[in-house]
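K.L.:
Take this structure, written in structure tokens, and hold onto it; I'll ask about it next.
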Amino acid sequence: MKLVVQGQQALQHLSHIATLAGGGKFTHTTDNAYRLEVTAPAAGISAYCVAQRLDCAFVPEHLTLSNIGLLVMDMDSTLIAIECIDEIADMFNIKPQVAAITESAMRGEIEFAESLRRRVALLKGLDESALQRVYDERLKLSPGAEHMIATLKANGVKTMLVSGGFTFFTDRLKQKLGLDFAEANVMNIVNGKITGNVLGELLDAQAKADYLTQTRLRLGLKQEQVIALGDGANDLKMMAVAGAGIAYHAKPVVQAQATFALNYTGLEGVIGLLS
């Protein structure tokens, strides 16, 4: 397997980490990522990296860009740096109420579907122009997002955005970034006003997992050829049906169950793990 260490200050710590690993020399792979071939995980490395604010992971040799066929990612606080529904609520001066429900759902304290119904209900009566304002004025990609997607595309890896958010945003991001697939909820809007309801069945944690599996089978891929990327508890089911799950600046419940965690690097860290 390979030990991957990533971070802006990684270089100055590599010698000590190599000693903890039993010797060897790191190879610079991409950006601020370094790789060391090891036979097994070594004690003390993870704790040391956390103390130095570095991301590290013991990655099986088969997890490389050349062997991956599909990356499935969450949208809010993963591909993008905001929670769209919280920012929509801010246009209505109810962001604290909505954000509190969002946080509770991401920690796994309440079911995502219930949390979404409660949050959307609070938006009833808001003008649909608020959605465009959020997209134009507040939506920002997470650091490293464009680099990650460009590298995946260059290596023939398909990309899929699957979100408990709304198609208003996922459709635009799909077009902007050239993603292969995108699925999300449809917010009900009548006469230019948000009704407080979602059209059709809610895209929840199980639906995320189902979309991942359906797309994998359609592409003729094996489970180990799929990576799932997310930050909240509603991403755990899709991580469970992927070959590996990456927790991106995620809640503790997600980090505890994911295969790998990125806490200090941007989304370029995904490429570092697979290089």
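The values are calculated or read from the model by the stated rules, or taken from the named source; none is laboratory data. Remember, it's a predicted structure, so these values are computed and weren't measured experimentally. Positions of Cβ are generated from backbone atoms using ideal geometry, with glycine treated the same way; all protein chains shown enter the neighbour counts.
K.L.:
Name the residue, out of 164, 200, that is closer than 19 Å to residue 232 by Cα and at pLDDT below 95. It would help to see each step written out before you state the result.
P.N.:
Details: 200 fails: closer than 19 Å to residue 232 by Cα.
Matching residue, one of 164, 200: 164.
Residue by residue, here is whether (1) more than 26 Å from residue 68 (Cβ to Cβ); (2) outside the structural domain of residue 236 (by TED's automatic domain parsing); (3) surrounded by 15 or more Cβ atoms within 10 Å (Cβ to Cβ); (4) touching a residue at least 60 places away in the same chain (Cβ under 8 Å) holds:
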site: 119; (1), (2), (3), (4): yes, no, yes, no
site: 122; (1), (2), (3), (4): yes, no, yes, yes
site: 132; (1), (2), (3), (4): yes, no, no, no
site: 139; (1), (2), (3), (4): yes, no, yes, no
site: 146; (1), (2), (3), (4): no, no, no, no
site: 150; (1), (2), (3), (4): no, no, no, no
site: 157; (1), (2), (3), (4): no, no, yes, yes
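K.L.:
Would you pick out the residues in region 212-235 that are in contact with a strand residue (DSSP E or B) (Cβ under 9 Å, 6 or more places away or on another chain) and either outside any helix (DSSP H, G or I) or crowded, with 22+ Cβ neighbours inside 10 Å (or both)?
P.N.:
Hits for region 212-235 are 212, 216, 221, 226, 227, 228, 229, 230, 231, 232, 234, 235.
K.L.:
I would also like to ask the following. Considering region 181-201 alone, what residues qualify as being surrounded by fewer than 17 Cβ atoms within 10 Å (Cβ to Cβ) and either at negative phi or within 23 Å of the chain's Cα centre (by Cα) (or both)? Let's see the steps before the verdict.
P.N.:
Filtering region 181-201 for residues surrounded by fewer than 17 Cβ atoms within 10 Å (Cβ to Cβ) gives 186, 188-193, 196-197, 199-201.
Residues satisfying the conditions are 186, 188, 189, 190, 193, 197, 199, 201.
K.L.:
Only one residue in 3, 36 is farther than 23 Å from residue 226 by Cα, at pLDDT 95 or above and not in a loop (DSSP other than H, G, I, E, B). Which one? Walk me through it before giving the result.
P.N.:
Details: 3 fails: farther than 23 Å from residue 226 by Cα.
Being farther than 23 Å from residue 226 by Cα, at pLDDT 95 or above and not in a loop (DSSP other than H, G, I, E, B) holds for just one of 3, 36, which is 36.
K.L.:
Same structure again: When only residues in region 54-104 that are of a type in the set (D, E, K, R) and in contact with a helix residue (DSSP H, G or I) (Cβ under 7 Å, 6 or more places away or on another chain) count, which is farthest from residue 18 (Cα to Cα)? Write out each step before concluding.
P.N.:
Here is the first cut: in region 54-104, the residues of a type in the set (D, E, K, R) are 55, 61, 74, 76, 83, 86-87, 90, 95, 103.
Remaining after also requiring in contact with a helix residue (DSSP H, G or I) (Cβ under 7 Å, 6 or more places away or on another chain): 55, 74, 76, 83, 86-87, 95.
Values: 55: 15, 74: 34, 76: 36, 83: 39, 86: 43, 87: 44, 95: 46 Å.
Here the residue is 95.
K.L.:
For region 39-71, how many residues meet the condition of being in a loop (DSSP other than H, G, I, E, B) and under 23 Å from residue 213 (Cα atoms)? Break it down stepwise before answering.
P.N.:
Keep residues of region 39-71 that are in a loop (DSSP other than H, G, I, E, B), which gives 39-44, 52-54, 60-69.
Next, from what is left, pick out any that are under 23 Å from residue 213 (Cα atoms): 60, 62-69.
Going through region 39-71 one residue at a time, the tally reaches 9.
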